[in-house]
Structures are given as structure tokens and as C-alpha cells.
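Below you'll find the structure, written out as C-alpha cells, and then a few comments.
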Amino acid sequence: MVVDDEPEIVEALIDYLDEYDVDYAYDADSALDKIDSGRFKIVLADIMMPGLDGIELLRRIKDRNPGIQVIMMTGQTTVMRVSESMQEGALKYLLKPFDNISEVDRAIDEAINKLKEWEDVFRKTLLAKKTG
């Protein structure tokens, strides 16, 4: 899922990520409604948005499901906000505009690998409970 209040960023990312089933939201509240459906495992979210900002969105996502991988995006290099997002559980952050769109690929690949790790841990935990 892509969450950004800038339609051109949303559209560009949806076009670029056309091999995936990508949904979008232009604000955090709409994103949370969609995330509650349980079908999203990776979220790319802007830090600076009106209403709930990206950091609060990140917190709420992690409260709902800590396994969802969140990649933060920002057009403003505020070290404090980026640091805060990493402390809150963001996997990575990307600077907008993207100097090289392959940065998005690398971030998505990293998120997929992290999801596989989560699934392995979850599977092992379930197996331990069944055999324990």
C-alpha cells in the first residue's frame, strides 16, 4: 500500500510497482481503514501528511500488526523525524524525489525478506506450541 497526500507520488509508485497488487490512500485515516482488512504486508508511507502524520500512522500500524513492514518516505530531510520513524519500527526510509527509482526496489526486497523472517519465526513458534 502507498500512503501519500501527493497524487503524483502515489500514481508514480503504483505505475512503477505494477507487478504487485498495490492499493493506495491519500491520508492516514483512509490507510488505517484499508489496513484493517488484513491484506497488506508492506506499506510505503509519507512522513509529512495533513491530519495524522506518517509517524502516527506507523505507530498505529505497528499496534495493529507488528509484522507489517513500513517504509517511510520524506521530501524533507529532518533527521529527527527520520530517527523517530526508525525508533517506532520503520524498516527503512526513502528520500523524495527518488534520485534512483531502484531505491524503491531495494526497499521492497528488504521488506519481503523481513516478512519471510517473520513468517519463519511465527511458524517455528506455532510448531513449538504444538509439540510442547
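A few remarks follow.
- Among (1) loosely packed, with under 13 Cβ neighbours inside 10 Å; (2) under 19 Å from R106 (Cα atoms), the one test that V3 misses: (1)
- Residue in region 66-74 that is of a type outside the set (A, V, I, L, M), touching a helix residue (DSSP H, G or I) at 6+ places or on another chain (Cβ under 7 Å) and farther than 13 Å from I42 by Cβ present: yes
- Matching residues, region 21-52, being farther than 23 Å from K116 by Cα, part of a loop (DSSP other than H, G, I, E, B) and of a type outside the set (G, A, S): Y26, D27, I47, M48, M49, P50, L52
- Condition check for K92: touching a residue at least 40 places away in the same chain (Cβ under 8 Å) and among the charged types (D, E, K, R): no
Here is a yes/no grid of residues against (1) out of contact with any Leu (no Cβ under 7 Å at 6 or more places or on another chain); (2) part of a helix (DSSP H, G or I); (3) surrounded by fewer than 16 Cβ atoms within 10 Å (Cβ to Cβ):
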position: K62; (1), (2), (3): yes, yes, yes
position: I71; (1), (2), (3): no, no, no
position: A107; (1), (2), (3): no, yes, no
position: K116; (1), (2), (3): yes, yes, yes
position: A128; (1), (2), (3): yes, yes, yes
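- Selection of first residues in region 36-53 that are touching a residue at least 24 places away in the same chain (Cβ under 8 Å) and of a type in the set (K, R) and of second residues that are assigned to a loop (DSSP other than H, G, I, E, B) and surrounded by fewer than 21 Cβ atoms within 10 Å (Cβ to Cβ), restricted to Cβ pairs under 8 Å at least 6 apart or on distinct chains, gives the following pairs, ordered by first then second residue: K41/G67.
- Among the residues of region 6-20, the ones that are part of a loop (DSSP other than H, G, I, E, B) and farther than 16 Å from A107 by Cα come to 1 in all.
Every residue, every condition in (1) among the polar types (S, T, N, Q); (2) touching a His at 6+ places or on another chain (Cβ under 7 Å); (3) modelled with pLDDT of 85 or more, yes or no:
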| position | (1), (2), (3) |
| --- | --- |
| V70 | no, no, yes |
| G75 | no, no, yes |
| T78 | yes, no, no |
| E88 | no, no, yes |
| L91 | no, no, yes |
| A107 | no, no, yes |
| K116 | no, no, yes |
| D120 | no, no, no |
| T131 | yes, no, no |
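- Close contacts from region 73-85, counting a first residue that is without any contact (Cβ under 8 Å) to a residue 60 or more places away in the chain and surrounded by fewer than 18 Cβ atoms within 10 Å (Cβ to Cβ) and a second that is assigned to a helix (DSSP H, G or I) and not hydroxyl-bearing (S, T, Y), with Cβ to Cβ under 6 Å and a gap of 6+ residues or different chains, come to E84/I55.
The values are calculated or read from the model by the stated rules, or taken from the named source; none is laboratory data. All of these numbers come straight from a predicted model, not from anything done at the bench. Neighbour counts run over all protein chains shown; Cβ positions are idealised from the backbone, glycine included.
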